[in-house]
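J.: One structure, as structure tokens, below. Some questions next.
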Amino acid sequence: MAKYLLLKHYRGAKTPVNDVPMDKWTPEEVSAHMQYMWDFSAQLEKTGEWVDGQALAPTGMWVRYDGEDRPPVTDGPFAETKDLIAGWMIIDVDSEKRAIELAGELSAAPGAGGRPIHEWLEVRPFLTGPPTITE
Amino acid sequence: MNEVLLRTLTPEVLAVLVRRGADFAAAEDAVQEALIEAVRSWPDDPPRDPKGWLVTVAWRRFLDIARADAARRRREDVVEEEPQPGPASGVDDTLQLYFLCAHPSLTPSSAVALTLRAVGGLTTRQIAGAYLVPEASMAQRISRAKRTVSGVRFDQPGDVATVLRVLYLVFNEGYSGDVDLAAEAVRLTRQLAAAIDHPEVAGLLALMLLHNARRAARTAPDGSLVPLAEQDRSRWDTTAIAEGVEILQAALARDRLGEFQAQAAIAALHADAPTAAETDWVQIVEWYDELARLTDNPIVRLNRAVAVGEADGPRAGLAALAGLDESLPRHTAVAAWLHERDGDPATAARLYADAARKSPNLAERDHLTRQAARLNTRLHPGEA
């Protein structure tokens, strides 16, 4: 059993095959894309592999500590060059092979022309707890 | 109320229902509901015959479910009469349930979940909590698993090896929530050992007891890992060690060596050493040789290299390491440790840092990072 984070990017990922920005799609293509994402997570819920999923706004800011008795420093909005995460899905699967299979399926979501986007997704394993048996 | 007693009765009660002709999936749901009812009503009104009580309540519940199903499907030809209890003993039935829940058609995660619920008597919520997944996902996993095994005949003999792999997975699970999965695995393996006379079942039980005995000493109060050599051995559970050793010796005496017995023998040699320095590494190497003959798992050869490094010195350990696939988990960590022992702290520090980056588990990564930091501080004093 292993958990993986599937990360979708607004920008900063490698260029997808079907590289048309979403605002240039038809409304029906946008709806079809959303429907595909809903169906995908509903399917994962049925297989018992779904853990969590959230979408993130593209806005936001950097924040850091600025010393005692001082408010945290903020810096934003983000520069155009920043890698920007659009959302995530967390899955709990039997193997890395299965995680890759699912990410591949998610990346096939339809985009412009109803064709798969072939979007690059980041797949990151969770660090686990220590096993009970050590040697 | 003793929850463990209640859970011990779970597989027996489930087996009675299945023997009476209930299908496994519906019977399993009915038993879960009976358990929940028991938790609610027993504290005020304890039954004289807990098992009989559970069978009666679960069977009634099963009939309710079957009738509701039948009504839904507009069929009335379900079982209405209460049949005679089946002829088989509780012990054999429990064994059949272990086989069913570890059936080879199930994925490991499904087999684990189904075993914990149908044999272990844990609720879906408890299992979901232990594996840190939403309850709804765990419920789906369990109901899919039940559908997968629905066609399997209950009286077919299964393969003990598949059951042992499932129990090993439960024991080795690192998470700890409300449910202590390692303790649960020990309980289920103990129950299995009572149902079947098999040296590898005994071997796995011994292995679990011996490792569980050291668990408290393995973690510092801040959660960091304490390596075997640095553990406070007075914190080891000597009762569990004695039991593990006794079970292992009885199993080994039967001369049907298997993987789990060999692993338990290694754990027993560690447990037997009053101090780390007194560990009988020569015998441990011999057991790793046995283990390598029994399994082609390359991790065994990696662990053997560690033991060779202790028995014959770091050069011999490095020689044993040469030729092993460098992508093996912990290969880099073992190399780091052997180079440190060989008097090459610069190489060791670099390898420890590399091993930390590759480590799949948090506590180990932090431990390896500290090892790299310790050597770097010594190599470059004043820089930190």
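J.: Viscosity 1.306 mPa s, temperature 10 °C: Stokes-Einstein D of chain B from its Kirkwood Cα radius, in µm² per second?
T.: Estimated via Stokes-Einstein, D reaches 68 µm²/s.
J.: Using a Förster distance of 25 angstrom, determine the FRET efficiency expected from the C-beta separation of residue B:51 and residue B:135, and round it to 0.05.
T.: FRET efficiency, residue B:51 to residue B:135: 0.35.
J.: Full extension from residue B:250 to residue B:380: what is 0.36 nm times the residue separation minus their Cα-Cα distance, to one decimal in nm?
T.: The residue B:250-residue B:380 span can extend by a further 41.5 nm.
J.: Over chain B, what relative contact order in percent results from Cα pairs under 8 Å that are six or more residues apart?
T.: 10 percent
J.: Evaluate E = 1/(1 + (r/R0)^6) for residue A:42 and residue B:347, where r is the Cβ-Cβ distance and R0 equals 41 Å; express this FRET efficiency to the nearest 0.05.
T.: 0.20
J.: To continue, here is another question. Under 5 Å between amide hydrogens, which residues at least 5 positions from residue A:128 or on another chain qualify, with H placed 1.01 Å from N in the peptide plane?
T.: B:361, B:362
J.: State the answer as a single residue: which of B:70, A:72, B:361 lies farthest towards the positive end of the charge dipole of the protein assembly as shown, with beta carbon charges of +1 for Lys and Arg and -1 for Asp and Glu, about the Cα centre.
T.: Final value for the positive-end residue is B:70.
J.: Once you place label points 7 Å from the Cα toward the Cβ at residue B:153 and residue B:357, how far apart are they in nm?
T.: 5.7 nm
J.: Here is a follow-up. First compute the accessible area of the protein assembly as shown with a 1.4 Å probe, then give the percent of it belonging to carbon and sulfur atoms.
T.: About 53 percent, which is the carbon plus sulfur part of the accessible surface.
J.: Report relative contact order for the stretch B:329-384 in percent, whole number only (criteria: Cα-Cα under 8 Å, sequence separation at least 6).
T.: 32 percent
J.: Still on this structure, I have one more. Calculate how steeply helix B:3-19 sits against the longest principal axis of the alpha-carbon atoms of chain B, using the helix alpha-carbon long axis, and give the answer as 0 to 90 degrees to the nearest 10.
T.: 50 degrees
J.: Put +1 on the Cβ of every Lys and Arg and -1 on every Asp and Glu Cβ in the stretch A:2-125; which of A:43, A:21, A:62 then has its Cα farthest towards the positive end of the dipole?
T.: Sorting the options by dipole projection puts first A:21.
J.: Let me ask you something else. Based on the Cβ-Cβ distance from residue A:20 to residue A:61, what FRET efficiency comes out when R0 is 41 Å, to the nearest 0.05?
T.: It comes to 0.90.
J.: Now, a different point. For the protein assembly as shown, what does the alpha-carbon gyration tensor say about shape, rounded, prolate or oblate, given a ≥ b ≥ c as the root eigenvalues, a/c under 1.5 as rounded, and a/b over b/c as prolate?
T.: Cα axes put the protein assembly as shown in the oblate bin.
J.: Shifting gears a bit: So for the protein assembly as shown, if I pair up every lysine 8 or more residues apart or on another chain, how many of those pairs have alpha-carbons under 26 Å apart?
T.: Number of lysine pairs found: 20.
J.: Enumerate the residues in the stretch B:120-136 having an amide nitrogen under 19 Å from the point lying 7 Å beyond the Cα of residue B:40 toward its Cβ.
T.: B:122-126
J.: While we're looking at this one, here's another question. Across bins of 10 angstrom width beginning at 0, how are the C-alpha pair distances of the stretch A:2-125 distributed, in whole percent?
T.: The percentages, shortest bin first, are 12, 37, 30, 15, 6, 0.
J.: By how many degrees, between 0 and 90 and to the nearest 10, does the Cα long axis of helix B:50-72 differ from the longest principal axis of chain B?
T.: For helix B:50-72, the angle is close to 70 degrees.
J.: Moving on to the next point. At q = 0.26 Å⁻¹, what base-10 log of I(q)/I(0) does the Debye formula yield for the stretch B:329-384 when every alpha carbon is treated as an equal point scatterer in vacuo?
T.: So the normalised log intensities work out to -0.95.
J.: Further, regarding this structure: If I fit a long axis through the Cα atoms of helix B:181-195 and take the longest principal axis of the Cα atoms of chain B, what angle between them do I get, 0 to 90°, rounded to 10?
T.: Result, in degrees: 60.
J.: Using the Cα centre of chain A as the reference point, and only Cβ charges (+1 on K/R, -1 on D/E), how large is the resulting charge dipole? Debye, rounded to the nearest 20.
T.: That gives a dipole near 220 debye.
J.: Hey, what did the stretch A:2-125 get for relative contact order, percent, Cα under 8 Å, at least 6 apart?
T.: Rounded, it is 50 percent for the stretch A:2-125.
J.: Could you give the size of the charge dipole of chain B about its Cα centre, using +1 on the Cβ of each K and R and -1 on the Cβ of each D and E, expressed in debye and rounded to the nearest 20?
T.: 920 debye
J.: Could you let me know the centre-to-centre spacing of the stretch B:162-222 and the stretch A:40-113, using Cα atoms, in angstrom?
T.: A separation of 36 Å, based on Cα centres.
The values are calculated or read from the model by the stated rules, or taken from the named source; none is laboratory data. None of these values were measured; they are calculated from a predicted model. Virtual Cβ from ideal backbone geometry, glycine too; neighbours counted across all protein chains shown. These accessible areas exclude ligands, DNA and RNA; they are computed on the full protein's heavy atoms, side chains included. Shrake-Rupley method; radii C 1.70, N 1.55, O 1.52, S 1.80 Å.
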